[in-house]
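To start, the structure under review is shown below, and the notes come after it.
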Amino acid sequence: MLRKEGDKVYAVLNDFDLAVSADVKSTSSKQRTGTKPFMAIDLLRPDPPVHMYRHDLESMFYVLIWTTSRFHNGDEIALPPLQEWADNDDVTVTKEKSFFVMMSEPPLLTPQFGSFGRWVVSMQTMFRDGFYSRTKYLAELSLAGLESSSSHFEDETLGGLVTFDKFQAILDIKLL
């Protein structure tokens, strides 16, 4: 939701997937929900894991890249990037986001948000390193003929690579 006061725009991100009317005592959903473009990759899978704090950090990254690459002066640009994250099914969005995090460069940021590039690249690198670390760990277990239950990978922080402190350190980088 956006509101404008003078020449300033204030934004709030709302997700009404679990909203209920006043006469309903609980939500009808028994699973984690969200807005696909902003959901963590793991939570888009058919059998998602228990929600972890790093999923919220990942979602914040997607909100940042979505906003900085699609909007200028409060308006959505023509032919905005990442539209496939909103338009496709969960399986396709999972593949698209995985490719984005692991293999691609971030989309071009709009002129208004160009200075956020340092944050975007640093966050993408942090998540890429974390997902790579988990993939490498699982591949090594497979080669050794072991199951993931017989050994331990710190999945909550992707091997210690995705933490609040690391995320905060990125946000502490001065924007140019």
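Accessible area per residue was computed with a 1.4 Å probe on protein heavy atoms; ARG45 scores about 100 Å². Each semi-axis of the equivalent ellipsoid for the range 90-176 is √(5λ) with λ an eigenvalue of the Cα gyration tensor; in descending order they amount to 30, 17, 9 Å. Debye-formula intensities of the range 50-104, expressed as log10 I(q)/I(0) at q = 0.13, 0.21, 0.26, 0.29 Å⁻¹, are -0.38, -0.92, -1.18, -1.25 (one equal scatterer per alpha-carbon, no solvent). With θ taken as phi - 60° and the Karplus curve 6.51 cos²θ - 1.76 cosθ + 1.60 applied, the whole-hertz 3J(HN,Hα) list for the range 46-56 is x, 10, x, x, 4, 4, 10, 4, 4, 5, 5 Hz, x standing for glycine and proline.
Across the range 153-159, computed HN-Hα scalar couplings (Karplus, 6.51 cos²θ - 1.76 cosθ + 1.60, θ = phi - 60°) run 10, 6, 6, 4, 10, 6, x Hz from first to last residue, x flagging Gly and Pro. A cut-off of 5 Å between modelled amide H atoms, ignoring neighbours fewer than 5 places along the same chain, links HIS72 with ILE77. Take the Cα of ARG128, step 7 Å toward its Cβ, do the same at HIS72, and the gap between the two points is 2.5 nm.
The values are calculated or read from the model by the stated rules, or taken from the named source; none is laboratory data. Bear in mind the structure is a predicted one, so any value in this text is a computation, not a measurement. Heads up, the Cβs are rebuilt from the backbone with ideal geometry, glycines too, and the neighbour counts pull from every protein chain shown. Keep in mind that these areas ignore ligands, DNA and RNA; they rest on the heavy atoms of the full protein, side chains included. Shrake-Rupley method; radii C 1.70, N 1.55, O 1.52, S 1.80 Å.
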